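Note sheet for the following structure.
The values are calculated or read from the model by the stated rules, or taken from the named source; none is laboratory data. Remember, it's a predicted structure, so these values are computed and weren't measured experimentally. All Cβ positions, even for glycine, are placed from backbone atoms using ideal geometry, and neighbour counts span all protein chains on display.
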Amino acid sequence: MAARRKANRILAAILIPITLLTLAGMAMLWPSGSKDGISLANPYSTAPGVTFDTGTIKNVATENCMQGVATQEQGQGGRPQQGSGQQPQGSNCTFAFTEPDKGGSPVKVVINPDVATSHGVKPGDRIRYLNLSNAQGAASTQGSPAYIFVDFVRTLPIVLLAILYAFVVIAVARWRGLRALIGLVGAYFVLASFMLPGLVEGKPPLLLALVGSTVIMIGVLYFAHGFSARTSTALLGTMFGLAITALLAWWATSAANLAGVGNHDATTLINTSANISISGVILCGLIISGLGVLNDVTITQSSAVWELYELAPNSSARKLFTSAMRIGRDHIASTVYTIAFAYAGAALPILIIVMLYDRPLGETLTSAELSEEVIRTLVGSIGLVLAIPVTTLIAVLVVKATGIRQEAPAVVTPAGVNAATGTPRTSPSGFRQRATGEWTDDGGELPSGDETLPTRRGRRADRG
């Protein structure tokens, strides 16, 4: 008990100051919410009389474009932007006769040519379109389209997938799965209310990422897994991996000159506000991207050590560490593939474009388009690989110190049996005592009235 209390005090002495410092840092870095100096125009804002409507496609037709038809690309205020988003006169245009959700007769919506070519539209699809029929001067020219395709309505499939995901998680993980989902909502709240506004206001990106990620991990781990030495061990391992990831990300962002060159979104942010640092945004992204996998390996490794100890409580610390690291090495091998394939899948369109350029492999991997994904994979993988042995070592030290709380087995003590030792006070006839203190039948009779005798460990020795 003394060793258990000492181990818990050590864990508390480490984690409580870290938690307090993290909360203090969060209070100091908390964004004001001001958007002064931001000049980003809302692409979904509309001019007077222009609205975004939704509807269901009833029929699709291809007709000749009598004159240039503006499509999805829009200028400021929701007005169609002529040029790259315009179909040439005399070409074929795809129109979707759409029934508005707000009621009324079907309207003729012109479909963006790249959508019509790559994906297409069909009856039954729900779409979002720009309604220019009541705009002031936007559709006054004879023959100009009054309804322009904007996007598909994806609410139903996304909601169904979200419900299925929640159902599967809760059905398999039960109460712990529900708590994990609630923790996920809390994590996104920290991301949306603290980290993203902080980046917009020009707060230090490294501190933002470290403080925000630590708050997320403390909340998620303890809420999903409860307050225990096992969870605290996983949290310490996660913090170590997070520190390694942050250090490598900070160095790699500067050494590799990651500045978002060639990224359209990065260019938009640069032109939006002078406070936003693109390299800082990339740095934050490198740290956050490895957070989920890091949490996965540390909590799994900590749980593995506890389960191994429960199966073999007499194992030495060295043997326990060796056994747990066998599991950890398998986890490392599978997780490295997971990270690499996840990033490759996200960057698949870029990979195809770069491949079509027919450039050398080394030049391709170090290009502006792919270098960020490559560095994200390497930084995240190094952090989680180093976190596994550290988490395992901490878990072994803690579990050997705290032990396992087990209830003592019930001991039946009939008359004539010593309750303290579990052995008869007088050796019964025909029985001999083993070195362990148990009595074994030697061919004699049991004492009158006793069909069995309790052993020292609380088990019963059946009559021979």
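Points to keep in mind about this one:
- Lone qualifier among Ala224, Ala209, Ala246 - being assigned to a helix (DSSP H, G or I) and touching a Lys or Arg at 6+ places or on another chain (Cβ under 6 Å): Ala224
- Of the criteria (1) over 30 Å from Thr51 (Cα atoms); (2) touching a Gly at 6+ places or on another chain (Cβ under 8 Å); (3) of a type in the set (Ser, Thr, Tyr), which one Tyr165 fails: (2)
- Considered as a group, the residues in region 306-357 that are in contact with a Ser or Thr (Cβ under 7 Å, 6 or more places away or on another chain) and of a type in the set (Val, Ile, Thr) include one that is farthest from Thr377 (Cα to Cα), and that residue is Val354.
- Selection status of Gly219, surrounded by fewer than 20 Cβ atoms within 10 Å (Cβ to Cβ), free of Cβ contacts under 8 Å to residues at least 40 places away in the same chain and assigned to a helix (DSSP H, G or I): yes
- Flag if Ala266 is over 27 Å from Val390 (Cβ atoms), in the same structural domain as His225 (by TED's automatic domain parsing) and not in a helix (DSSP H, G or I): no
- Among (1) exposed (fewer than 15 other Cβ atoms within 10 Å of the Cβ); (2) over 21 Å from the mean Cα position of the chain (by Cα); (3) not aliphatic (A, V, I, L, M) - the single one Trp306 does not satisfy: (1)
- Test result for Ile148, under 30 Å from Val115 (Cβ atoms) and either polar (S, T, N, Q) or surrounded by fewer than 11 Cβ atoms within 10 Å (Cβ to Cβ) (or both): no
- Look at (1) without any contact (Cβ under 8 Å) to a residue 40 or more places away in the chain; (2) part of a helix (DSSP H, G or I) and you find that Asn314 fails only one, number (2).
- Of everything in region 188-206 that is outside any helix (DSSP H, G or I) and buried (at least 18 other Cβ atoms within 10 Å of the Cβ), the residue that is modelled with the lowest pLDDT is Glu201.
- Restricting region 269-311 to residues that are polar (S, T, N, Q) and part of a loop (DSSP other than H, G, I, E, B), the residue that is modelled with the highest pLDDT: Ser277
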